[in-house]
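The values are calculated or read from the model by the stated rules, or taken from the named source; none is laboratory data. Just so it is clear, the structure is predicted and the values come from calculations on it, not from any experiment. Please note: Cβ atoms are built from the backbone with ideal geometry, for glycine as well, and neighbour counts cover all protein chains shown. Note: accessible area is taken over every heavy atom of the protein model, side chains too, but ligands, DNA and RNA are not part of it. Shrake-Rupley method; radii C 1.70, N 1.55, O 1.52, S 1.80 Å.
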Amino acid sequence: MGLLTQDQPIASSVVSEDGQARLSFVQKVYSLFLLGLFTATGGAFITLSNQDFAIAVISHIWIGLIVYFGVFFACMALRKTPGINVVALLGFTFVSGVFLSPVLMGVAARAGGSYGIVYEAALITGSIFIGLTAFTFITKKDFSFLGGVVTIGLFAVIGISLVLMFFPSESANLALAWIGSVLFSLFILYDTSRIMQTHESDEYVSGALSLYLDFINLFLMILRILSSRRN
């Protein structure tokens, strides 16, 4: 997401380099993004396959949060350190997969023990991500103007989510999921443009992390919508 780094274009960004350098940067960003999704899936699969481990994750949620954010900030701090930055990114995505597994378990339980709804949400999210990414690259449109909108929207979604924790409402949760789906779709457009404008050639890990967070958050919103529809 755009909050991870600065929003303003910089003179030394990868967009100012030659075509080969830009292509190499894009390949690194999207290769690591896909690898991150793979390791996150691995983390979720291992957790879901080990009942004792899954119970431990659920029972020690605060420890899990500390680990999650600790690895995240380590990933950001090491994003320009060759070699270690990739390990840190994959470590974070693996931990996030572990951390998301209780959500997947809950959704599957409400669906009668089937993970079909999870696969459906992943397919829809992937289709949206590919479509928006292709649109951005094909049209070459700069979506950096969305920065203010998505930032305000993100804080609004976080604030409403906190309120709903204390005053739960199924209809409000569903409405928030639809709003969040639109918001993180806009984040995909925004970050796809922003990465080229504000990242230097050695910040491919930061770019991959931004796109990964956009994808996961969109996936969770779509999963919530599908789960509400099934229920």
Could you tell me how many of the residues in the range 140-177 are in a helix (DSSP H, G or I), under 19 Å from residue 198 (Cβ atoms), modelled with pLDDT under 90 and open to solvent by 80 Å² or more (accessible area, probe 1.4 Å)? 1
Based on this model, can you work out whether residue 66 counts as surrounded by 14 or more Cβ atoms within 10 Å (Cβ to Cβ), without any contact (Cβ under 8 Å) to a residue 60 or more places away in the chain and out of contact with any Phe, Trp or Tyr (no Cβ under 9 Å at 6 or more places or on another chain)? no
Answer from 189, 154, 218 - the residue that is under 19 Å from residue 40 (Cβ atoms) and within 16 Å of the chain's Cα centre (by Cα): 218
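Tell me, yes or no, whether the range 203-218 has at least one residue that is outside any helix (DSSP H, G or I), out of contact with any Gly (no Cβ under 9 Å at 6 or more places or on another chain), over 23 Å from residue 106 (Cβ atoms) and not hydrophobic (A, V, I, L, M, F, W, C). I'd like the intermediate steps shown before the answer.
Filtering the range 203-218 for residues outside any helix (DSSP H, G or I) gives 203.
Next cut, out of contact with any Gly (no Cβ under 9 Å at 6 or more places or on another chain) only: 203.
Filter once more, keeping what is over 23 Å from residue 106 (Cβ atoms): 203.
Adding the requirement that they be not hydrophobic (A, V, I, L, M, F, W, C) leaves 203.
Checking the range 203-218: at least one residue is outside any helix (DSSP H, G or I), out of contact with any Gly (no Cβ under 9 Å at 6 or more places or on another chain), over 23 Å from residue 106 (Cβ atoms) and not hydrophobic (A, V, I, L, M, F, W, C).
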Go through the range 217-231 and give me each residue that's among the aliphatic types (A, V, I, L, M) and open to solvent by 30 Å² or more (accessible area, probe 1.4 Å). 220
Tell me the residue from 100, 48, 104, 90 that is surrounded by 15 or more Cβ atoms within 10 Å (Cβ to Cβ), modelled with pLDDT of 90 or more and more than 17 Å from the chain's Cα centre (by Cα), please. 48
For residue 81, the lone unmet condition from (1) open to solvent by less than 60 Å² (accessible area, probe 1.4 Å); (2) in a helix (DSSP H, G or I); (3) modelled with pLDDT under 95; (4) among the polar types (S, T, N, Q) is (2)
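I want to confirm something. Restricting to the range 188-202 and keeping residues that are part of a loop (DSSP other than H, G, I, E, B) and of a type outside the set (Gly, Ala, Ser), which single residue is least open to solvent (accessible area, probe 1.4 Å)?
Step one: of the range 188-202, the residues part of a loop (DSSP other than H, G, I, E, B) are 199-202.
Right, trim to of a type outside the set (Gly, Ala, Ser) and you get 199-200, 202.
Values: 199: 1, 200: 54, 202: 57 Å².
Among those that are part of a loop (DSSP other than H, G, I, E, B) and of a type outside the set (Gly, Ala, Ser), it is 199.
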Quick one: would you say residue 185 is open to solvent by 20 Å² or more (accessible area, probe 1.4 Å), within 26 Å of residue 205 (Cβ to Cβ) and assigned to a helix (DSSP H, G or I)? yes
Can residue 91 be described as assigned to a helix (DSSP H, G or I), under 20 Å from residue 214 (Cβ atoms), without any contact (Cβ under 8 Å) to a residue 40 or more places away in the chain and of a type in the set (Gly, Ala, Ser)? yes
Odd one out for residue 112, checked against (1) at positive phi; (2) part of a helix (DSSP H, G or I): (2)
